[in-house]
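Visitor: I have a structure I would like to understand better, so I am pasting it below and will then ask my questions one at a time.
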Amino acid sequence: MLSPQSETIVRATAPVVAEHAVQITSRFYPSMFEAHPELLSLFNMGNQANGDQRRALASAVVAYATHLIDPQGRDFRPVMERIAHKHVSLGIHRGQYPIVGHHLMGAVAEVVGEAVTPEVAAAWEEVYWLFATELIAEEARLYKQAGVDPLLAWRDYEVVDRVDEALDTVTLLLAPTDERPVPSHQPGQYVSVAVTLPDGTRQPRQYTVSTGYRPNTLQITVRRVRGVGGAPDGAVSSHLHDRVAVGDLLEVGPPAGDMVLEERAAPLLLISAGVGITPVAAILDDLAARGTSRPVTVVHADRSAASHPLFESTSTSLQSLGDAVVHTWYEDVDAIGRLRGARSGFMDLDEVPLTTDADVFMCGPLPFMRKVRAGLVRRGVPASQIRYEVFGPDLLAAAG
């Protein structure tokens, strides 16, 4: 809770900070990286280049400040929990928060200028440390739950198998080299994978574990990111596709992620597009292994049968589930697509029967998920029952 004096100042200055939030974060990151280049290895430089990381941080800081001065407003905790999970996957620890705070407050003073009096600076520093303290506490809880020392979060895993799943999509089966078991995780969670690129830089990315829990192996499924509109191809996905072979080692962080399946009897609706099928595949694998009796509906959209990842493994899981219902859309339906019963064109959820008590999990591109979420809410599914996973900064949550 903010002190009364700080609350008055933050309430008065929040509109100004919000107006300049992206400028502040745009100054913050270069300042911090210049002073602490070792932190570059923890950040997705692709998201730095396209501005997604700056916009996500700006939205989070403003949303947290709004939450402090209006506790009855939008619940900030889901956003905070999602940030904490991402931090845990990267091995971020409490000792790094003073660095972030120093450079963030410096950026506020630089961008907003003379309006940042000592009193204003102290109030916003209080906001930052309240936010940081909540994150540190949540991350400590997650590290303890996983049995992971944040200073030793990264482990070496060997690539023990590699399968070309679909066009531009590869599955890598990884095994820890230290003979300790894979940390316990739930279906729908992800891990960070770090590689050293040809230019010598270390870059991490998050990939969903695409099976249920296995004590000795961990599987990820990676789609090559193709640059659009002149943007470069994804550096890490291209590296994993072009340069990583069986026998190679990869650095892997602890499993994390808040999009996990809860034990309920309610119907389950799993919606995905493209490589967004990875958490769906993990959930189906886990349900099949446990012999669930929940009604399950799976809805997937892809470019074509050739682009559909994890089709064989999800089909095997669905056969074990027996009563599961599948709806598939391909933009281009060929003979294989017709054999699979795929519809032509884009996903139309109005063609899918659903009940308003369903638990919904979805994963795919942001525009796809925004459209799906709006359609589900329009049909009476409570927003609280719709869970989603985002690849990259959570701009869906930031946008509401």
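Visitor: Please order V22, V195 by the number of other Cβ within 10 Å, starting at the fewest. Walk me through the intermediate numbers first.
Guide: Details: V22 17, V195 20.
Lowest count first: V22, V195.
Visitor: So what's the net charge close to S272: Lys and Arg +1, Asp and Glu -1, counting the other residues with Cβ under 10 Å from its Cβ?
Guide: Details: positive: none; negative: D302, E389.
Spelling it out: positives minus negatives among the neighbours equals -2.
Visitor: Would you compute, for the Cα atoms of the range 268-399, the largest minus smallest coordinate along each principal axis and list the three values in descending order, in whole Å?
Guide: That gives 39, 34, 28 Å along the principal axes, largest extent first.
Visitor: Now, a different point. Return the distance in nm (one decimal) between the two label points of a simple spin-label model at R264 and D164, each offset 7 Å from Cα along Cα→Cβ.
Guide: For R264 paired with D164, the spin-label model returns 4.2 nm.
Visitor: Among H20, M105, V79, whose Cα lies farthest out toward the positive end of the dipole of the range 1-115, if unit charges sit on the beta carbon of Lys, Arg (+1) and Asp, Glu (-1)?
Guide: V79
Visitor: Sticking with this structure for a sec: Which percent of Cα-Cα pairs in the range 4-146 sits in each 5 Å bin, short to long?
Guide: Computed distribution, short to long bins: 2, 9, 19, 23, 22, 15, 8, 2, 0, 0.
Visitor: Quick one: F76, F28, fewest Cβ neighbours within 10 Å first, how do they rank? Could you put the intermediate results ahead of the total?
Guide: Numbers: F76 19, F28 23.
Final ranking by Cβ density, sparse to dense: F76, F28.
Visitor: Using a Gaussian network model of the chain with C-alpha springs under 10 Å, which one of A282, A12, A107 is most mobile by mean-square fluctuation?
Guide: Maximum among the listed residues: A12.
Visitor: For R387, what charge total do you get from the other residues with a beta carbon under 10 Å from its beta carbon, if Lys and Arg give +1 and Asp and Glu give -1? Working shown, then result.
Guide: Numbers: positive: none; negative: D258, E262, D359, E389.
With Lys, Arg at +1 and Asp, Glu at -1, the net is -4.
Visitor: Once you charge only the Cβ atoms, +1 for Lys and Arg and -1 for Asp and Glu, what is the size of the charge dipole of the chain about its Cα centre, to the nearest 20 debye?
Guide: Values: 34 positive and 48 negative charges, 121 e Å.
The dipole magnitude comes to about 580 debye.
Visitor: Can you tell which of T66, L39, A122 lies farthest toward the positive end of the dipole of the range 1-133, using +1 and -1 charges on the Cβ of basic and acidic side chains (Lys, Arg; Asp, Glu)?
Guide: Among T66, L39, A122, the one farthest towards the positive end of the dipole of the range 1-133 is L39.
Visitor: Sticking with the crude label model, points 7 Å out along Cα→Cβ, report the distance from E331 to V352 in nm, one decimal please.
Guide: 1.9
Visitor: Another question, if that's okay. Among I83, I136, rank each residue by its count of other Cβ atoms within 10 Å, from fewest to most, as a rough exposure measure.
Guide: Details: I83 23, I136 19.
Listing I83, I136 from fewest to most nearby Cβ atoms yields I136, I83.
Visitor: With +1 on the Cβ of every Lys and Arg and -1 on the Cβ of every Asp and Glu, and nothing else charged, how large is the dipole of the range 4-146 about its Cα centre, in debye rounded to the nearest 20? All intermediate terms of the calculation are to be shown ahead of the outcome.
Guide: Values: 11 positive and 16 negative charges, 98 e Å.
It works out to roughly 460 debye.
Visitor: Under 5 Å between amide H atoms, partner at least 5 residues away or on a different chain: which partners does W329 have, H built in plane at 1.01 Å?
Guide: Correct list: H300, A301, D302, R343.
Visitor: State the percent of C-alpha pairs, over all pairs in the range 189-229, separated by a distance greater than 12 angstrom. Intermediate values should be presented prior to the final figure.
Guide: Details: 565 of 820 pairs.
The proportion of pairs with Cα distances above 12 Å equals 69 percent.
Visitor: So how strong a dipole does the range 268-399 carry about its Cα centre when Lys and Arg Cβ are +1 and Asp and Glu Cβ are -1, to the nearest 20 debye? Numbers along the way, then the final one.
Guide: Working: 12 positive and 15 negative charges, 52 e Å.
Roughly 260 debye for the range 268-399.
Visitor: Between the range 135-190 and the range 1-76, what's the alpha-carbon centroid distance in Å?
Guide: 29
Visitor: If one computes P(r) from the Cα atoms of the range 154-252, what percent of pairs lie at distances over 16 Å?
Guide: Every Cα pair in the range 154-252 considered, those over 16 Å come to 56 percent.
Visitor: Please identify, among G46, G147, G364, the residue showing maximal mean-square fluctuation in a Gaussian network model of the chain using a 10 angstrom Cα cutoff.
Guide: G147
Visitor: Could you compute how fast the range 66-140 diffuses translationally, taking Rh as the Kirkwood radius over C-alpha pairs and applying Stokes-Einstein at 4 °C with viscosity 1.567 mPa s? Give it in µm² per second. If you can, show how the numbers build up before the last one.
Guide: Details: Rh = 13.6 Å.
D = 95 µm²/s.
Visitor: Which residue, chosen from H327, L57, H239, occupies the Cα position most advanced towards the positive end of the dipole of the chain, where the dipole is computed from +1 (Lys, Arg) and -1 (Asp, Glu) charges on Cβ about the Cα centre?
Guide: H327
Visitor: Now for a different question. In the chain, if every C-alpha pair distance is counted and binned at 10 Å from zero, what percent goes to each bin?
Guide: 4, 21, 30, 26, 14, 4, 0
Visitor: Report, to the nearest 10°, how far helix 21-35 tilts away from the longest principal axis of the Cα atoms in the chain, using its own Cα long axis and a range of 0 to 90°.
Guide: Roughly 90 degrees between the two axes.
Visitor: With θ set to phi - 60°, apply the Karplus curve 6.51 cos²θ - 1.76 cosθ + 1.60 along the range 121-128 and write out the HN-Hα couplings as whole Hz, x wherever there is a Gly or Pro.
Guide: Taking θ as phi minus 60°, the curve returns 4, 5, 5, 6, 5, 5, 4, 4 Hz for the range 121-128.
No value in this document is a laboratory result; all are computed from the given coordinates. Note that the coordinates shown come from a computational prediction; the quantities given were computed from them, not determined experimentally. Glycine gets a Cβ as well: all are built from the backbone with ideal geometry, and neighbour counts include every protein chain shown.
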